[in-house]
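Asks: Shown below is the structure under consideration.
The values are calculated or read from the model by the stated rules, or taken from the named source; none is laboratory data. Being a predicted model, the structure only gives us computed values, none of them experimental. For neighbour counting, all protein chains shown are included, and Cβ atoms are generated from backbone atoms with ideal geometry for every residue, glycine included.
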Amino acid sequence: MEKKVLMTLWTLANQDVYRKVGNLFDTSRGGAQRIVMDVCMAISRHLKPAYIQLPTNGQCTTVADDVEMNHGFPGVCGFIDGTHIPVKPPSWDRDSYINRKGFPSVNVLAVCDNKMRFVYIYADRAGSVHDARVLRVSTLGRMIESGAWPPADNLHLLGDSAYPLLPSLLVPYRDNGHLNDMQRRFNARHSSARSVVERAFGRLKGKFRRMKGIDATSTGNALYMIESACTLHNFVMAHDEQESEDVDSNEEVIADGHVSQMGSTAAKRLAKEKRDTIAAQL
């Protein structure tokens, strides 16, 4: 079992082909691939629920207090963003996986806290799907729309302009060239605080370099590898206080002007009022 775990860690931490992994661990190419996928499935099913969890009300308050102390931005319980993980697309649906940069990928939705720990991961949509739609079809999106999470009205996530403005998801003011000082100050504080999720993605891809390109036989296998890497990211942060800063600085934002249909007219009006109130306080 120890050898299987070591083989999986090596595979996630490097971009070696399975033939080389098999040679390193004295097994066949197919044997290496089966072992890695079995361990990734076990991590996803058994460790992920313990290490990737949406924060409770008390945990949200702790995060919000820390963010307000460091960035002067009140009520923030997490940071949401998407990242593209290159994958081998299925031959029967290749076009769906081609993103705006022109390469096949999975569009991974993630929420992290103020310590770069992932508290939510959704990696089940092809690269052509826009960030806002990924959120809308995820369990998190349904929880946000129904009011099930965040656990209090004064709490919210911070996201970039790819996402809709909602009472529990605050995005920057759209810069049309006519922003006032209050709005520019809000956007600057928002950007400073939200950079933590970009650093979390950078650390994930720096430590688990397989996330720079997954050559899996199926997109389902790619999902297990992504969830395993995110789980191990949290595991390392929880158990290794001397962890080095191994960060991939090439994280790019892929976005467009898509407008999501999430949120009722009343919810959008409430979100605008909430954002304006916070902006006036900064």
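Asks: Which of the residues that make up region 57-71 are touching a Pro at 6+ places or on another chain (Cβ under 7 Å) and over 21 Å from A188 (Cβ atoms)?
Replies: Of everything in region 57-71, those that are touching a Pro at 6+ places or on another chain (Cβ under 7 Å) and over 21 Å from A188 (Cβ atoms) turn out to be N57, C60.
Asks: Oh, and also: Which residues, counting only those in region 1-38, are hydrophobic (A, V, I, L, M, F, W, C), under 16 Å from V236 (Cβ atoms) and under 25 Å from the mean Cα position of the chain (by Cα)?
Replies: Within region 1-38, the first condition is being hydrophobic (A, V, I, L, M, F, W, C), and the residues that meet it are 1, 5-7, 9-10, 12-13, 17, 21, 24-25, 32, 35-37.
With the extra rule that they be under 16 Å from V236 (Cβ atoms), the set shrinks to 5-6, 9-10, 12-13.
If the condition is that a residue be hydrophobic (A, V, I, L, M, F, W, C), under 16 Å from V236 (Cβ atoms) and under 25 Å from the mean Cα position of the chain (by Cα), then V5, L9, W10, L12, A13 are the ones that fit.
Asks: Restricting to region 118-160, name every residue that is polar (S, T, N, Q), more than 20 Å from S228 (Cα to Cα) and part of a loop (DSSP other than H, G, I, E, B).
Replies: The initial filter retains those residues of region 118-160 that are polar (S, T, N, Q), namely 128, 138-139, 146, 154.
Keeping just the survivors that are more than 20 Å from S228 (Cα to Cα) gives 128, 146, 154.
Residues satisfying the conditions are S128, N154.
Let's see how each residue does on (1) within 30 Å of A13 (Cα to Cα); (2) more than 20 Å from the chain's Cα centre (by Cα); (3) of a type in the set (A, V, I, L, M, F, W, C):
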{"position": "T139", "(1), (2), (3)": "yes, no, no"}
{"position": "H156", "(1), (2), (3)": "no, no, no"}
{"position": "R174", "(1), (2), (3)": "no, yes, no"}
{"position": "F201", "(1), (2), (3)": "yes, no, yes"}
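Asks: May I ask you to list the residues in region 9-31 that are more than 20 Å from A222 (Cα to Cα) and of a type outside the set (F, W, Y)?
Replies: Those that are more than 20 Å from A222 (Cα to Cα) and of a type outside the set (F, W, Y): N23, L24, D26, T27, S28.
Asks: Kindly check whether there is at least one residue in region 198-211 that is under 19 Å from R34 (Cα atoms) and not in a loop (DSSP other than H, G, I, E, B).
Replies: yes
Asks: Which one is farthest from the chain's Cα centre (by Cα), of the residues in region 219-246 that are hydroxyl-bearing (S, T, Y) and at pLDDT 95 or above?
Replies: Of region 219-246, the ones hydroxyl-bearing (S, T, Y) are 219, 224, 228, 231, 244.
Next, only the ones that are at pLDDT 95 or above stay: 224, 228, 231.
Details: Y224: 15, S228: 13, T231: 12 Å.
Going through the qualifying residues, I end up with Y224.
Asks: Taking region 21-41, which residues are under 23 Å from L204 (Cα atoms) and charged (D, E, K, R)?
Replies: Passing the criteria: only D38.
Asks: If you don't mind, another one. Answer yes or no as to whether A188 is small (G, A, S) and at pLDDT below 95.
Replies: Values: small (G, A, S): yes; at pLDDT below 95: no.
For A188, the condition - small (G, A, S) and at pLDDT below 95 - is not met.
Asks: Then there is this: Please state which one of L155, L169 is touching a Phe, Trp or Tyr at 6+ places or on another chain (Cβ under 7 Å), aliphatic (A, V, I, L, M) and buried (at least 21 other Cβ atoms within 10 Å of the Cβ). Steps first, answer last, please.
Replies: Values: L155 fails: touching a Phe, Trp or Tyr at 6+ places or on another chain (Cβ under 7 Å).
One residue alone meets the criteria, L169.
Asks: Scan D124, D131, D93 and give me the residue that is under 24 Å from F208 (Cα atoms) and at pLDDT below 95. So that I can check it myself, show each step before the final result.
Replies: Numbers: D131 fails: at pLDDT below 95; D93 fails: under 24 Å from F208 (Cα atoms).
Being under 24 Å from F208 (Cα atoms) and at pLDDT below 95 holds for just one of D124, D131, D93, which is D124.
Asks: Checking the conditions here, which among N176, N221, N234, N154 is free of Cβ contacts under 8 Å to residues at least 24 places away in the same chain and polar (S, T, N, Q)?
Replies: Values: N221 fails: free of Cβ contacts under 8 Å to residues at least 24 places away in the same chain; N234 fails: free of Cβ contacts under 8 Å to residues at least 24 places away in the same chain; N154 fails: free of Cβ contacts under 8 Å to residues at least 24 places away in the same chain.
Sole residue among the options that is free of Cβ contacts under 8 Å to residues at least 24 places away in the same chain and polar (S, T, N, Q): N176.
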